[in-house]
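Note sheet for the following structure.
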Amino acid sequence: MKKYLLGLSFFTVLFFGAFFNLNSVSASPITTGEPEVEAQTNVNEDIGIFAEIGPTYPGTNIKMQVGDILYSSKSNESTYFVGHVGIVGSDYKIYHVTPAWNGGAASDMTSYVRLHKSGEKLSIYTPRDGRGVKAAAWAKSNYSRATKYLINPLDKLSVMTPNYCSKFLWQAFYYGENFDMLGKRTSDKEVGLIYPFAFTNSIYFVSKGSFTANW
């Protein structure tokens, strides 16, 4: 199994150096008291039961569902990381952490798409077994607590701010759904990085298809 969470390694030090130009701020731990289209619509029984189905994704007949994860491998203003991820909330806004807002954001579909280059592909992943609704609720309730965008490999996974897109979504499933989406029983006390593509390779998510950012 690929190792998506990296500790303090030579690669991590190099990666941190690439982002050293970003301003660092003091970290604050989470204190919630909880455990610190051209789309292919190959949806199967692994997805399970979800909250109410919403509108369709742009240019497709794929229905938005609460807890869906949107992944893009490339980006414009959406992230400084390799790819970007956001989660669909109960109001069908996309909750994510982005340098475009220097922290957490609640974006409608139009503004979210415009963070990407026109023509860029956005892939849709859905949690298996009906999960994702509680993660989406947690993201909606806590996105505003991420008040600074920064990728810091020295931070514990419990740190809410500074934050970045994929760690924020890891937190949403860890605190909202009470499981580690990496499938490694990773604790929020650990130090390391969560990569956006970890969601696309996780055994806990199913691909629903994709759509293209056209604007």
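Some notes on this structure:
- At the residue level, Thr147 shows approximately 90 square angstrom of accessible surface with a 1.4 angstrom probe and all protein chains present.
- Amide H contacts of Phe205 (H built 1.01 Å from N, under 5 Å, at least 5 apart or other chain): Arg128
- Rough spin-label spacing in nm, given labels placed 7 Å along Cα→Cβ, for Lys184 and Trp215: 3.4 nm
- Given Lys63/Lys121; Lys117/Lys189; Lys148/Lys208; Lys93/Lys148; Lys63/Lys148; Lys63/Lys134, the pairs whose alpha carbons are separated by over 28 Å: Lys117/Lys189; Lys148/Lys208; Lys63/Lys148
- Working from Cα pairs under 8 Å separated by at least six residues, relative contact order for segment 124-215 is 37 percent.
- Converting phi to 3J(HN,Hα) with the Karplus coefficients 6.51, -1.76 and 1.60 and the offset θ = phi - 60°, segment 155-160 yields 7, 5, 5, 7, 5, 8 Hz in sequence order, with x at every glycine or proline.
- Spread over its residues, the convex hull of the C-alpha atoms of segment 133-192 is 67 Å³ per residue.
- Remark: spin-label model distance Lys156-Asn201 equals 2.7 nm, labels positioned 7 Å along the Cα→Cβ axis.
- Taking label positions 7 Å along the Cα-Cβ direction at both Lys134 and Val82, the computed distance is 3.2 nm, reported to one decimal.
The values are calculated or read from the model by the stated rules, or taken from the named source; none is laboratory data. Note that the coordinates shown come from a computational prediction; the quantities given were computed from them, not determined experimentally. Cβ coordinates were reconstructed from backbone atoms using ideal geometry, including for glycine residues, and neighbour counts include every protein chain displayed. Just so you know, the surface numbers come from the protein's heavy atoms only, side chains and all, with ligands and any DNA or RNA stripped out. Shrake-Rupley method; radii C 1.70, N 1.55, O 1.52, S 1.80 Å.
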